[in-house]
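What follows is a single structure, written as structure tokens, with notes after it.
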Amino acid sequence: MRNSLLYSRLYQWYETNHRILPWRETQDGYRIWLSEIILQQTRVAQGLDYYMRFVERWPDIESLASAAEDEVLREWQGLGYYSRARNLHKAAQMVVEKGWSPFPTRFEDIRSLPGIGDYTAGAIASFAYNQPYPAMDGNVYRVLARLADIDEPFDTTAGKKLFHQHMERLLDREHPRLFNSAIMEFGALQCTPQLGDNCQTCPLQTQCLGFAHGTAELLPVRKPRPKVRDRWFIYHIYICGQNTLIMRREDKDIWFHLYDFPYEEVTAERMKGQRGEGLKEITHVLSHQRIHARYEVHRVQKMPDIAGTFVIRWEELNDYALSRLTLRALDTLQHKA
Ligand code: SF4
């Protein structure tokens, strides 16, 4: 009974307020999967462009599976978290190999694909096939924490279990597609991290324990974040006529399989000490690392012989998948030139 009131208020709110987004207009598992992978760690406005380009270039899973990994990384360029793109490609190949095209429909099969966790599998199963699985993203954890006034961190094993138990009781098994879409959108637009006066206009206010107890703004609680690690890179941009020297990153490290200028990882002291012709230091922040990068430009008569590198024409750089840091450096370099 309590839930049915909540559903009707939530769905009414959704009907009036939801954004029109292309992946909401489809029940095609492939497209929903693509959008979900692109939107992990990416804002909707930025993800939308990438989504449109991906579906235009690879309209179905077979075409994506037969692309080269390099092409996929190149199209992904600028989105960051490149393991998502590598997993996307691997998953497409797995779906085709297993004969699950156009996209698997069983939750267990979807969950077994690389790059797919409980959230993404639940989102695909409910959005594409209306199956009763929860899809708990950051927005949903926030809404749940506030509605039920839960002050356990949601990102620990025990916390996740507790939130899932709450969700088991809340999920609308008759309309899982609508329920998951509505609660996610509600978290994105109404029950936002900074509440401002959103609670005053909230249709769920009378059912919200966080609001009643005055704790909503403090929720949800996270476990303490790991310390950010600083790293120092000196990049070497060799220019010989129209040519430059690049390498493919093969170490199991950030930007695996992207292309880059040759670089050395050094200590902070060494970075301060050494200085050639080059650009101002660029600081680039990743989720758990802060990269301090300096790009030194070497105009040479003959390219040095550096293991793992190869020569390309400068204008061919655009054909290679580069990290956002390197794109930023190239931007600065072009403005300087
Ligand atoms: S009353 Fe405020 S905290 Fe509670 S659900 Fe609504 S917006 Fe979120």
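The values are calculated or read from the model by the stated rules, or taken from the named source; none is laboratory data. The model shown is predicted, which means the values in this text are computed figures rather than measured ones. Because the Cβ atoms are built from the backbone with ideal geometry, glycine has one as well, and the counts that use them run over all protein chains shown. Note: accessible area is taken over every heavy atom of the protein model, side chains too, but ligands, DNA and RNA are not part of it. Shrake-Rupley method; radii C 1.70, N 1.55, O 1.52, S 1.80 Å.
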Within the chain, how many Lys pairs sit with Cα atoms under 24 Å apart, leaving out pairs fewer than 8 places apart on the same chain? 11
Roughly to the nearest percent, how much of the accessible area of the range 151-191 is carbon and sulfur, given a 1.4 Å probe? 53 percent
With no solvent and one point on each alpha carbon, what is the Debye value of log10 I(q)/I(0) for the chain at q = 0.09 Å⁻¹? -0.61
Ranking Thr120, Thr215 from most to least accessible area with a 1.4 Å probe gives Thr215, Thr120
Ignoring ligands, DNA and RNA, what accessible area per residue does the chain give at 1.4 Å, in Å²? 51 Å²
So the label point goes 7 Å from the Cα of Arg106 along Cα→C-beta, right? Which residues of the range 12-45 then have their backbone N under 19 Å from it? 29-30
Return the single residue from Arg19, Arg248, Arg142 with maximal mean-square fluctuation; model: Gaussian network over the chain, springs between Cα atoms under 10 Å. Arg19
Distance in nm between label sites at Glu174 and Arg270, each 7 Å beyond Cα in the beta-carbon direction? 6.7 nm
Nitroxide proxy distance, nm - points 7 Å out along Cα→Cβ at Phe310 and Asp151: 5.9 nm
Which order do peptides 44-57, 24-37, 231-244 fall in by mean Cβ count within 10 Å, highest first? 24-37, 231-244, 44-57
Mind pulling the per residue volume of the convex hull built on the Cα atoms of the range 229-336? Å³ is fine. 107 Å³
Can you give the Kirkwood hydrodynamic radius of the range 53-117 from its Cα pairs, in Å with one decimal? 12.1 Å
